[in-house]
Each structure stands twice: as C-alpha cells, then as structure tokens.
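Q: My questions all concern the structure below.
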Amino acid sequence: MRIKVISYPVHELGQRSNQEDSLYPSAEEPLSQGPLFILCDGMGGQAAGDVASQLAVDIIENILTDNTFDTPEEAIRRSVLAANQGVLNRTAQ
C-alpha cells in the first residue's frame, strides 16, 4: 500500500512581530527526498532565533540527505547533535 503525502507548511505568529520558526519542507520547496519533515523552534525573544532555527533545519536536512544510517534512531540522533553543535559554533563567532 502506498501513501501519498501532501504537506502545507503554515506559520502562526501568535504574539510575536516576526516568525522565528523554520520548517522543512518550506512553502517554496516540495518534498524531494521522501517524507521528511523538520520543525525547529526559533526561541522567540532570543537574539537571532530565526537564524539559529534555519541553520538547524539546514544542517539536519544535509546530514539526513547526504548520509546513510543503520537505523532511523541513529539518523535522528546524529543529525540533531550536528545541528546543535552547528548552532553553538555560530553563537561562538
């Protein structure tokens, strides 16, 4: 049985003046690598939360699409750890 996945990313600002959350796939890019969905919270109110969340999405997407893993758990763990380190490295600059 095949399942067709259609995604519609939607942002809601709530009480903030700008959107700091980042999504994959974005509204501009369709699913190309299979059913991969990423949501990174921008930590509203923190400096450059939008930059950090987009960096995390980009790193996770790159790790998951450019590597192979033995298990889904390993893929998630390694990509999230890499994203965390990437954000920490950017913060230290």
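The values are calculated or read from the model by the stated rules, or taken from the named source; none is laboratory data. Keep in mind it's a predicted model, so treat the numbers as computed, not measured. Cβ coordinates were reconstructed from backbone atoms using ideal geometry, including for glycine residues, and neighbour counts include every protein chain displayed. Note: accessible area is taken over every heavy atom of the protein model, side chains too, but ligands, DNA and RNA are not part of it. Shrake-Rupley method; radii C 1.70, N 1.55, O 1.52, S 1.80 Å.
Q: Residue 61 passes all but one of (1) part of a helix (DSSP H, G or I); (2) farther than 18 Å from residue 9 by Cβ; (3) among the charged types (D, E, K, R); which number fails?
A: Failed condition: (2).
Q: Residue under question is residue 25, and the condition is that it be open to solvent by less than 100 Å² (accessible area, probe 1.4 Å), modelled with pLDDT under 85, under 11 Å from the mean Cα position of the chain (by Cα) and on the phi < 0 side of the Ramachandran plot; does it hold?
A: yes
Q: How many residues, within region 34-74, are free of Cβ contacts under 8 Å to residues at least 12 places away in the same chain and surrounded by 14 or more Cβ atoms within 10 Å (Cβ to Cβ)?
A: Qualifying residue count, region 34-74: 4.
Q: Now a separate question. Any residue in region 29-45 that is more than 22 Å from residue 3 (Cα to Cα), out of contact with any helix residue (DSSP H, G or I) (no Cβ under 8 Å at 6 or more places or on another chain) and at pLDDT 90 or above?
A: Pass one, region 29-45, residues more than 22 Å from residue 3 (Cα to Cα): 40-45.
Those still in the list that are out of contact with any helix residue (DSSP H, G or I) (no Cβ under 8 Å at 6 or more places or on another chain) too: 44-45.
Still in the list and also at pLDDT 90 or above: none.
The answer is no, given that none of the residues of region 29-45 is more than 22 Å from residue 3 (Cα to Cα), out of contact with any helix residue (DSSP H, G or I) (no Cβ under 8 Å at 6 or more places or on another chain) and at pLDDT 90 or above.
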